[in-house]
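The structure appears below as structure tokens.
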Amino acid sequence: MWDIWDSIQNNEYFSFEGLVEVFKQLRYYKTPDIETPSYLVLKKAANYEVRKYPPFAVAEAKGEKLTGSSGFNNVTGYIFGKNASSEKIAMTTPVFTQASDDKLSDVSIQIALPMNKDLNSLPAPNTEAVTLRKVEGGIAAVKKFSGRPEEEIVAKKEKELRSQLLKDGLKPQQGCMLARYNDPSTKDFVKRNEVLIWLNDFTLE
């Protein structure tokens, strides 16, 4: 069984390894005070955590790359009133970009819609560039990091996370998601970014 102290081989006495782990857990990330998809943390390992997400709805458009903004104006336009009823929908965080292939090249950009909304109560988009769909939720492994989420950095984080999951005997699905919680004006060192990989057949030990 593994928990928040997994990276400490022996925590019965003070060690440099333990001190490093404490500082990791105390690292500050700025999360905007707006709605975000709910989740339950099932497990915490040294370098990632495992979460359970319930289903949620998203507005989605075609993206270009994981760290890109292509399609962002389309999905934000939808929630700001460019829809069949001109309804303004509350902004949420994070902005998701999802790569559905192992080369991380087949990308979409998504904004989660408020939890009190479902597909039946949402107005239709005004453009074919935006689609509404239900994310089924499930179990995801998540690696959190700060700084500017550049493409090379995200690819490295995804590779590190996938490698660790396989080492731990878990079953990561193909592709990944990048979650960006902050607007560009936020200082890089407190930005909250996450790489998520959905898992198959996860069970608590």
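Every number here is computed from the coordinates shown, using simple stated rules; none is lab data. Computed from a predicted structure; not experimentally measured. A quick note on method: Cβ atoms are made from the backbone with ideal geometry, for glycine too, and the neighbour counts reach across all protein chains shown.
Please give me the summed charge of the neighbours of Glu87: other residues whose Cβ is under 15 Å from its Cβ, Lys and Arg +1, Asp and Glu -1. Don't skip to the end; give the middle numbers.
Numbers: positive: Lys82, Lys88, Lys117; negative: Asp118.
Charge balance near Glu87 sits at +2.
Just to be sure I understand, if you calculate Cα extents along the principal axes in Å for this structure, which of (1) 56, 36, 30; (2) 62, 37, 32; (3) 67, 41, 25 do you get?
(2)
For region 36-147, restrict the atom set to alpha-carbon positions and state the Rg and Dmax in Å.
14.8, 47
Once you have the Cα-Cα distance between Glu152 and Thr186, take 0.36 nm times their residue separation minus that, and quote the gain in nm to one decimal.
Details: separation 34, 0.36 × 34 = 12.24 nm, distance 2.05 nm.
Taking Glu152 through Thr186 to full extension adds about 10.2 nm, to one decimal.
On C-alpha positions alone, give me the angle between the axis of helix 16-26 and the longest principal axis of the chain, in degrees, nearest 10.
Tilt of helix 16-26: around 20 degrees.
Rounded to whole Å, give me the distance from the Cα center of region 152-205 to that of region 35-89.
15
Treating cross-link reach as a plain straight distance, find the lysines whose alpha-carbon is under 28 Å from the alpha-carbon of Lys88, omitting any fewer than eight places away in the same chain.
Within the straight-line limit of under 28 Å, Lys88 reaches these lysines: Lys30, Lys62, Lys65, Lys117, Lys134, Lys191.
Roughly how many debye, to the nearest 20, is the charge dipole of the chain about its Cα centre, given +1 on each Lys and Arg Cβ, -1 on each Asp and Glu Cβ, and no other charges?
Its charge dipole is roughly 340 debye.
Taking the simple approach of a point 7 Å from Cα along Cα-to-Cβ for both Gln174 and Phe80, what is their distance in nm?
3.6
Run lengths n ≥ 4 of DSSP H only: what is the helix-derived mean residue ellipticity at 222 nm for the chain, with -39500 (n - 2.57) per run over all residues, to the nearest 500?
Numbers: 3 runs with 36 residues, N = 205.
Roughly -5500 deg cm²/dmol at 222 nm, from the helical runs in the chain.
What is the mean projected area of the alpha carbon convex hull for region 116-167, to one decimal in square nanometres? Spell out each step's value before the answer.
Numbers: hull surface 25.4 nm².
For region 116-167, averaging the hull's shadow over all directions gives 6.3 nm².
Name the long-range amide H neighbours of Leu113: under 5 Å, sequence gap of 5 or more, or other chain; modelled H, no Pro or chain starts.
It is Ala57, Val58, Ala59, by chain and number.
Around Ala140, what is the net charge, scoring Lys/Arg as +1 and Asp/Glu as -1 over all other residues with Cβ under 15 Å from its Cβ? Intermediate values should be presented prior to the final figure.
Details: positive: Lys43, Lys44, Arg51, Lys52, Lys143, Lys144, Lys157, Arg162, Lys171; negative: Glu49, Glu136, Glu158, Asp168, Glu194, Asp201.
Summing Lys and Arg as +1 and Asp and Glu as -1 gives +3.
Evaluate the relative contact order of the chain (contact order divided by residue number), counting alpha-carbon pairs under 8 angstrom at least 6 apart; express in whole percent.
Working: 427 pairs, mean separation 49.1, N = 205.
Relative contact order for the chain comes out at 24 percent.
Does anyone have the angle between helix 151-167 and the longest principal axis of the chain? Alpha-carbon axes, 0 to 90°, nearest 10?
50
Can you work out ³J(HN,Hα) from phi for every residue in region 70-78, in order, using Karplus 6.51 cos²θ - 1.76 cosθ + 1.60 and θ = phi - 60°, giving whole Hz and x for Gly and Pro?
In residue order, the calculated couplings are 4, x, 4, 5, 5, 6, 6, x, 4 Hz.
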